[in-house]
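Below: the structure, in structure tokens.
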Amino acid sequence: MHWIATAAALAAVFLGAALLGPGDATATTTVTASAPGSAPGSVPGAGAPPAAAPDPREARYPVDCGGTPVDVVRQAAADLDGDGRPETVAVVRCHSETGTRPSGIYVLAPPPARGAAPRVTATLVDPGQRMSVTGFTVSGTGTVSATLLGYSDRKVPRCCPDLRRAVEWRWKGGKFALTALPVAGSV
């Protein structure tokens, strides 16, 4: 019975993520300026040094921390969408001196103009889903992997998440597709 309740709670979390997530979450970027010495509209990076990945400390995340700062707790960069420019995936949460606040996972694209902040182009996990993120990795093949820790009920103490699920997002068809990996010990 416990496994059925756990499966139902995880299904609700993933359904909520699908319904509450951004509808047009892509990690594509638009060329707004040409590199010096290149033709207008040419692709940056062709014959030039590789572009730097967006700095996650410079981004503005869609997170309400009530006046406390946003902490970037993990980050990784890779060319996730195959356009030749690296994106950065950042795990962020509101700063807290005690306890673990819910996490968010965001994909960042380079800023649209020099001196501007990197753009959040996809929200993979919203802090409103009340999950913590562990086991975070990013591969150059367009895959973001994480283990999500959550709560089956509001009565479960915030110190002790009782749900655990490994997931991965793969870049497919111009957006990130979520896949829940098998639960250890399941049939």
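Being out of contact with any strand residue (DSSP E or B) (no Cβ under 7 Å at 6 or more places or on another chain) and at negative phi narrows it down to one residue among G99, G128, G84, G115; which is it?
None of the other options fit; the residue is G128.
Restricting to region 171-180, name every residue that is part of a strand (DSSP E or B) and touching a residue at least 60 places away in the same chain (Cβ under 8 Å).
Scanning region 171-180 gives W171, K175, F176, L178, A180.
Could you check how many residues of region 108-155 are among the aliphatic types (A, V, I, L, M) and closer than 20 Å to R165 by Cβ?
Qualifying residue count for the region: 10.
Of the conditions (1) more than 21 Å from K175 (Cα to Cα); (2) in contact with a helix residue (DSSP H, G or I) (Cβ under 7 Å, 6 or more places away or on another chain); (3) modelled with pLDDT of 95 or more, P118 clears all except one; give me its number.
Exception for P118: condition (1).
Return the residue satisfying two criteria in turn: it lies in region 69-117 and is polar (S, T, N, Q) and more than 22 Å from R154 (Cα to Cα), and of such residues it is least open to solvent (accessible area, probe 1.4 Å).
If we take residues in region 69-117 being polar (S, T, N, Q) and more than 22 Å from R154 (Cα to Cα), then T88 is least open to solvent (accessible area, probe 1.4 Å).
Please enumerate the residues belonging to region 118-134 that are assigned to a strand (DSSP E or B), open to solvent by less than 30 Å² (accessible area, probe 1.4 Å) and of a type in the set (A, V, I, L, M).
Step one: filter region 118-134 for residues assigned to a strand (DSSP E or B), giving 119-125, 132-134.
This time we only want the ones that are open to solvent by less than 30 Å² (accessible area, probe 1.4 Å), so: 121-122, 124-125, 132-133.
Within region 118-134, A122, L124, V125, V133 qualify.
Counting only residues that are at pLDDT below 90 and in a strand (DSSP E or B), how many does region 140-170 have?
The qualifying residues number 0.
Among the listed residues T137, T141, identify the single one that is farther than 19 Å from V73 by Cα, open to solvent by 60 Å² or more (accessible area, probe 1.4 Å), hydroxyl-bearing (S, T, Y) and out of contact with any Cys (no Cβ under 7 Å at 6 or more places or on another chain).
Only one candidate qualifies: T141.
The values are calculated or read from the model by the stated rules, or taken from the named source; none is laboratory data. Note that the coordinates shown come from a computational prediction; the quantities given were computed from them, not determined experimentally. FYI the Cβ positions are ideal-geometry reconstructions off the backbone, even for glycines, and counts take in every protein chain you see. Accessible surface areas use protein heavy atoms only, side chains included; no ligands, DNA or RNA. Shrake-Rupley method; radii C 1.70, N 1.55, O 1.52, S 1.80 Å.
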